[in-house]
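Since every read-out is calculated from the coordinates, none of them should be taken as a lab result. This structure is a prediction, so every number in the text was calculated from the model and none was measured. Backbone-built Cβ (ideal geometry, glycine too); neighbour counts: all protein chains shown.
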Amino acid sequence: MNVMKEQTPNNKTCSCGYDINDYHIHPKCEYSSFGWILYWIGMSAKPIKVDFVCSVCGEILRSTTEPGELKKYVGR
Ligand SMILES: [Zn+2]
């Protein structure tokens, strides 16, 4: 595994040069199986992980498992 020299995740860009704030980058939520059940019965589930994926090259710019941040993606 290669370690990147840069330590600031916020200005990371994908192969196309888009950063996390670009509209090409969209959040992809991952749910636990329990989350899926909630989702299935029509409740808002909180994802266990959100990946920020470039819709052009499919590269994951960032992943978060931070509860405070995951809350923003409840029900998406
Ligand atoms: Zn890209």
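Listing for the model above:
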{"read-out": "Residue 49 versus residue 20: modelled label distance in nm, points set 7 Å from Cα along the beta carbon direction", "value": "1.7 nm"}
{"read-out": "Rg/Rg_globular for the range 23-73, with Rg_globular taken as 2.2 N^0.38 Å and Rg from C-alpha atoms", "value": "1.20"}
{"read-out": "Ranking of 54, 29, 16 by count of other Cβ atoms within 10 Å, fewest first", "value": "16, 29, 54"}
{"read-out": "Neighbour-count order for 55, 15, fewest beta carbons within 10 angstrom listed first", "value": "15, 55"}
{"read-out": "Inter-probe distance in nm under a simple model that places probes 7 Å from Cα toward Cβ, at residue 31 and residue 59", "value": "3.1 nm"}
